[in-house]
1. Quick test of your reading of the structure: GLY77 fulfils all but one of (1) in a helix (DSSP H, G or I); (2) outside the structural domain of ALA42 (by TED's automatic domain parsing). Name the failing condition by number.
2. Could you count how many residues in the stretch 27-36 are within 12 Å of the chain's Cα centre (by Cα) and either over 22 Å from LEU183 (Cβ atoms) or crowded, with 17+ Cβ neighbours inside 10 Å (or both)?
3. When you look at ALA16, is it hydrophobic (A, V, I, L, M, F, W, C), touching a residue at least 12 places away in the same chain (Cβ under 8 Å) and not assigned by TED's automatic domain parsing to the domain that holds LEU139, yes or no?
4. Only one of these conditions is not met by TRP136: (1) closer than 11 Å to ILE6 by Cβ; (2) touching a residue at least 40 places away in the same chain (Cβ under 8 Å). Which number is it?
5. Of these, ILE57, ILE40, ILE51, ILE5, which one is in contact with a Pro (Cβ under 6 Å, 6 or more places away or on another chain) and either at pLDDT 80 or above or surrounded by 14 or more Cβ atoms within 10 Å (Cβ to Cβ) (or both)?
6. When the stretch 87-140 is examined, which residues are found to be polar (S, T, N, Q), in contact with a helix residue (DSSP H, G or I) (Cβ under 8 Å, 6 or more places away or on another chain) and part of a strand (DSSP E or B)?
7. Of everything in the stretch 60-84 that's loosely packed, with under 14 Cβ neighbours inside 10 Å and more than 24 Å from GLY184 (Cα to Cα), which residue is nearest to the chain's Cα centre (by Cα)?
Amino acid sequence: MFQKIIDQAKKDLQKATDNFKSDMMKLRASSLSPELLEDIRADCFGTEMPIKQLGSISALSNREIMVQLWDKSYVEGVLKAIEREGLILSSRIDGASIYFTAPSLTTESRNDLIKLLNKKKEEAFQELRRLRDKAWKDLQDEFAKGEIREDDKFKGRDKLDESVRDSREKMDEMAEKKEKEILG
């Protein structure tokens, strides 16, 4: 029974790690990537849809991305969505295509990105702690009900701590790599 709780916790921890990785991809470093825009949700006839479903996104250079929309009527919604995200990109419209250009990173903007990176990392670590606490509570509840033995409860806690440690180390590595990328 305790293994079921641990397996679920591992899935949740992996999902949290994947979400953190996705957040890291969205942080602009020395070059723009299509991942920066693809999951941003834009209003399309009253429905929120990810930009990647409204057209194709391609990187034209390190500092320019083009969004080729399937329909010209999506342009306004996409522009508003990008603005809402707070991405500092200038845009140029050509029919159903939008060209986004990023200014060069200054020392100040690099420092701002690193602050944002550290904030995202701390939020991810809080999520790991929350998931660990939830799984530990589940183990204690199962023990209190007599579903698992005391040694299994502590064995489960050890496995849980190991999984959390692994996830945290992965996140630390990703953040370190992204910081180096930002600093150039």
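1. (2)
2. The first filter runs over the stretch 27-36 and keeps only residues within 12 Å of the chain's Cα centre (by Cα), leaving 27, 35-36.
Checking which are either over 22 Å from LEU183 (Cβ atoms) or crowded, with 17+ Cβ neighbours inside 10 Å (or both) leaves us with 27, 36.
Residues meeting the conditions: 2.
3. Values: hydrophobic (A, V, I, L, M, F, W, C): yes; touching a residue at least 12 places away in the same chain (Cβ under 8 Å): yes; not assigned by TED's automatic domain parsing to the domain that holds LEU139: no.
So ALA16 does not fit the description; no.
4. (2)
5. So the residue among ILE57, ILE40, ILE51, ILE5 that is in contact with a Pro (Cβ under 6 Å, 6 or more places away or on another chain) and either at pLDDT 80 or above or surrounded by 14 or more Cβ atoms within 10 Å (Cβ to Cβ) (or both) is ILE57.
6. SER91
7. The qualifying residue nearest to the chain's Cα centre (by Cα) is ARG84.
The values are calculated or read from the model by the stated rules, or taken from the named source; none is laboratory data. Predicted model, so just to flag it, every value in this text is computed and none were measured. A quick note on method: Cβ atoms are made from the backbone with ideal geometry, for glycine too, and the neighbour counts reach across all protein chains shown.
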